[in-house]
Amino acid sequence: MKQIKSELLIPEETIIKKILVLRGEKIMLDVHLAEIYGVENRALKQAVRRNLDLFPHDFMFILSEQEIEMVVSQNVIPSKQSLGGANPFAFTETGVAMLSSVLKSKRAREINIAIMRAFIALRKMILSNTELKLEIEYIKKKVINHDKNIELVFQYLDELLEKKTIKKPRTKIGYKIPKKTK
């Protein structure tokens, strides 16, 4: 079986840039998906509306007015007018996977594979960041422990210096030369 090279279709970085986080989910907007799939946004929405039973709320949801304002303010979409008056659909990772059954072209299947790979790459990046954060926390705990030990060493040094200044001078020891008498 011939392996499809997603790099020739759309670079993974381009897809990752289009993945947003809304309602605690990684999603892609219909505008971006239509662009990536090379279809008109209204055609994509129409295909989804014809098959709404394939897109439960955990696969796809419609953005609220507040969410639209947020994505516009973050420059995810240029303006509200670019949406054509309709609220955009937001597809979760599973919703994007389901799109391949609605958009039945070969290109749609190839693009879908590329998008799934991008979601996986994003998940791996997040996991590696989590591991990195755990390592940093471990190092912080060690440094705090070292700080406490260094403070303890300085405290002992201070105590030794105090004891040294309190003691009376020691008598000299060693060979004594007798004093000459005349």
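When segment 59-79 is examined, which residues are found to be within 18 Å of ASN112 (Cβ to Cβ) and part of a loop (DSSP other than H, G, I, E, B)? First the steps, then the outcome.
Of segment 59-79, the ones within 18 Å of ASN112 (Cβ to Cβ) are 59-60.
PHE59, the sole residue that qualifies.
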Practice problem: Answer with yes or no whether ILE150 is outside any loop (DSSP other than H, G, I, E, B), at pLDDT below 80, more than 30 Å from ALA43 (Cα to Cα) and out of contact with any strand residue (DSSP E or B) (no Cβ under 8 Å at 6 or more places or on another chain). | Solution: no
Quiz item: What residue, among those in segment 13-33 that are surrounded by 18 or more Cβ atoms within 10 Å (Cβ to Cβ) and part of a helix (DSSP H, G or I), is modelled with the lowest pLDDT?
Solution: ILE15
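Which residue, of LEU44, LEU99, is modelled with pLDDT of 85 or more and more than 13 Å from ILE15 (Cα to Cα)?
On the way: LEU99 fails: modelled with pLDDT of 85 or more.
After applying the criteria, what remains is LEU44.
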Practice problem: Of the numbered conditions (1) surrounded by 10 or more Cβ atoms within 10 Å (Cβ to Cβ); (2) at pLDDT 80 or above, ILE173 fails exactly one; give the number of that condition. | Solution: (1)
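The values are calculated or read from the model by the stated rules, or taken from the named source; none is laboratory data. Bear in mind the structure is a predicted one, so any value in this text is a computation, not a measurement. Cβ coordinates were reconstructed from backbone atoms using ideal geometry, including for glycine residues, and neighbour counts include every protein chain displayed.
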